[in-house]
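Below is one structure, written out as structure tokens; the observations come after it.
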Amino acid sequence: MDESYAYIEDSSETLNCKYIADLPVKPIIWAQDGRYGFISKEQVQNMMRRQEDLAKQQRGYAKDKPLDLVFHWLEVLPLDPATVKLMRGFK
């Protein structure tokens, strides 16, 4: 079943863009040690565009390690665990 969102479990305070680089652009539900947050499709699109722009800017600087952008937990819309459970079909 193709879900209308990506579900990612990560316990850190930041969510690296590497998680979403190979996924279709869609909202994210981020599970973090019993807390749940929502990242909108627009936020994901904006982050991917910024990451692509940054990669283009850094092409001339091969000696530098490419930067990876992240979402911070403070940027998410908090979700109630019961709501997430309903959305995920009691998985």
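Structure notes:
- Members of the stretch 20-45 that are in a loop (DSSP other than H, G, I, E, B), under 11 Å from the mean Cα position of the chain (by Cα) and not β-branched (Val, Ile, Thr): Ala21, Leu23, Lys26, Pro27, Ser40
- Some residue of the stretch 37-50 being polar (S, T, N, Q), modelled with pLDDT under 85 and surrounded by 14 or more Cβ atoms within 10 Å (Cβ to Cβ): no
- The stretch 1-35, residues that are touching a Ser or Thr at 6+ places or on another chain (Cβ under 8 Å) and of a type outside the set (Asp, Glu): Lys26, Pro27, Gln32
- Note on the stretch 56-79: among residues that are farther than 15 Å from Asn16 by Cα and assigned to a helix (DSSP H, G or I), the one that is modelled with the lowest pLDDT is Gln58.
- Among the residues of the stretch 8-18, the one identified as within 14 Å of Leu79 (Cβ to Cβ) and more than 9 Å from the chain's Cα centre (by Cα) is Glu9.
- Screening Ala31, Ala21 for residues that are farther than 14 Å from His72 by Cα and in contact (Cβ under 8 Å) with a residue 12 or more places away in the chain leaves exactly one candidate, Ala21.
- Among residues of the stretch 1-20 being of a type outside the set (D, E, K, R) and loosely packed, with under 12 Cβ neighbours inside 10 Å, the one that is modelled with the lowest pLDDT is Met1.
The values are calculated or read from the model by the stated rules, or taken from the named source; none is laboratory data. These numbers were taken from a predicted model, which means no experiment stands behind them. Note that we place each Cβ from the backbone using ideal geometry, even for glycine, and neighbour counts take in every protein chain shown.
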